[in-house]
Each structure stands twice: as structure tokens, then as C-alpha cells.
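J.: My questions will all concern the structure given below.
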Amino acid sequence: MKIRALIVDDEAPARARLRHSLKNEPDLDIIGECAHGRAAVDIVRRDSPDLMFLDIQMPGLNGFEVCTQLHDAGVRLPFVIFCTAYDQYALKAFEIHAIDYLLKPFSPERLQHALNQARLRLQQAQSASADSRLADLLASLRAGLNPADRLVFKVEGRVILIRAETIDWIEADGNYVRIHCGAEAHYVRETLANLESQLPPDTFMRVSRSALVNLDRIREFQPLFYGDYTVILHTGAKLAMSRTYRERLERLLEKRK
């Protein structure tokens, strides 16, 4: 990911030194420089940089006033690394959630530490944004689909759709379920009870507390002791069915004849 950065400092030599220090950072793209706070506000409004190297004492607007003006205007504030010759503003800098506070002159190691913190924060923000977009997509898909046709889940940062008719059986695993579809299995955060309520009751039924089966996938039943059965699917999978669920299954199969 390219990090789009803005350098804001009223001293040209300071801007040049910082630009030179950053030239070998392959993921950093310096999109602009400016010498005073009002120009910084305009560039952030126009170009939305990800990161801003911001001096504090500048003519017009100081660094804190730049942040305040952007916030009050409802503009997305980039992550900020303050670069200043004055140490008395450090506490205030962190009160506005600055990534770091570099006291001039700072070493290459100190700058690298600040950059690594910026990279981490940007990755976290990107991940949170992606999760939010996935959640919105998930909600809209679930609202627009008939659960009997497809189930929709978020799995490892992706949204997947599973046709109900392709499901052989589903097993519970704590707060997760494993959905078996032929040679594939999808491990998702969901409860068996919730899935059971979404799937058509004339096709899917519990055979135990921890297993839900597609009746069209059952090949045979093998009786065990005390009224229990082994349910054998066309895939060869074997599921234990207790007496508690046998009568209901028998009634449902009788209706399907």
C-alpha cells in the first residue's frame, strides 16, 4: 500500500532534510509540501493525504490549529507525525492522537520508528474499513436473498455465498459451524440453531444436538442399540442420530413419500 504523505514546515531547509530522509522509503509518496498552516488545510481538503509531517510553530495557523480547523470542518484528518524544535508541546500532541512527536534534529532511527508506527496504524485503519464494508455488504445481501436459496457469510475477509441445495450437512463447533458441501467444508462463525431457522424445515433437520443434515443427502440408516441410528450420507459421511430425533425424522420422511 502506498502511503500518500504531506510535509508541512515553514522552514525550507527543514522540508528539504525531511524529504531527503524519506526518499528511500518505497511505500511513501510525497504528494506535496507547504510552508504554512492555511496551505496545509487546503491541500488536505483537496488531496486527502494518509499521513502529514506537521511542524507546530508556523505563521498563520500553527500545527494544532491546522488539526482543529480540519476537524471542525468535518474533513478526514490524516495521521499526524509532529516535527518540531520545541519539546513543550509533546503532551498536547498526544492528546490529539498524534502518531509520534519528533524533536528536531531527529535521527534516522527515530524517524524510522515513527514511520513504522504510521504503517501499523494505517494497516489497522484499512482493515477496520474493509471489515465495515464487508459487514454492510453482508447485511444487504442477507436482506435481498431468500435464505432457502443461499446463505451468506464473511470468511477470512471475504463474503461467500453457499447454495442451500449444495449442503450435505452442518456440524456445530462451539460458536462456529462447519458446513460440508461435497469435498469442501466452510468454517464460519455462526450457531447451528440460527442456521436451522434459516433453512427450509422440510429439507434440513437435526439428527443430534450438534448436527443438521440435508435429507436429500441421506443414503441409509443403520440401527444401533437402544433405538439410536447411524445416518450414512451419499458422500460416505456417518452421523450419529439419537432416539430424541428419530421420531421427528421418521414423521418428516413419511410426509415426503
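J.: Hey, does region 125-140 have a residue that's at pLDDT 70 or above and surrounded by 12 or more Cβ atoms within 10 Å (Cβ to Cβ)?
T.: Yes, region 125-140 contains at least one residue that is at pLDDT 70 or above and surrounded by 12 or more Cβ atoms within 10 Å (Cβ to Cβ).
J.: When you look at Asp50, is it touching a residue at least 40 places away in the same chain (Cβ under 8 Å) and of a type in the set (D, E, K, R), yes or no?
T.: yes
J.: Oh, and also: Is there a residue in region 27-43 that is in contact with a helix residue (DSSP H, G or I) (Cβ under 9 Å, 6 or more places away or on another chain) and exposed (fewer than 14 other Cβ atoms within 10 Å of the Cβ)?
T.: yes
J.: Considering region 100-118 alone, what residues qualify as being touching a residue at least 24 places away in the same chain (Cβ under 8 Å), more than 16 Å from Ala5 (Cβ to Cβ) and in contact with a strand residue (DSSP E or B) (Cβ under 7 Å, 6 or more places away or on another chain)?
T.: Residue satisfying the conditions is Lys104 alone.
J.: On the given criteria, is Cys83 assigned by TED's automatic domain parsing to the domain that holds Val8 and assigned to a helix (DSSP H, G or I)?
T.: no
J.: If I ask for residues that are more than 14 Å from Ala164 (Cβ to Cβ), in contact with a strand residue (DSSP E or B) (Cβ under 6 Å, 6 or more places away or on another chain) and not hydroxyl-bearing (Ser, Thr, Tyr), which ones from region 191-210 would you list?
T.: Leu192, Arg206, Val207
J.: Filter region 208-251 for residues that are crowded, with 19+ Cβ neighbours inside 10 Å, modelled with pLDDT under 85 and not in a helix (DSSP H, G or I) and give the result.
T.: Across region 208-251, the qualifying residues are Tyr229, Met241.
The values are calculated or read from the model by the stated rules, or taken from the named source; none is laboratory data. If you're wondering where the values come from, they're calculated on a predicted model, not measured in any experiment. Neighbour counts are summed over all protein chains in view; Cβ atoms, including those assigned to glycine, are modelled from backbone coordinates with ideal geometry.
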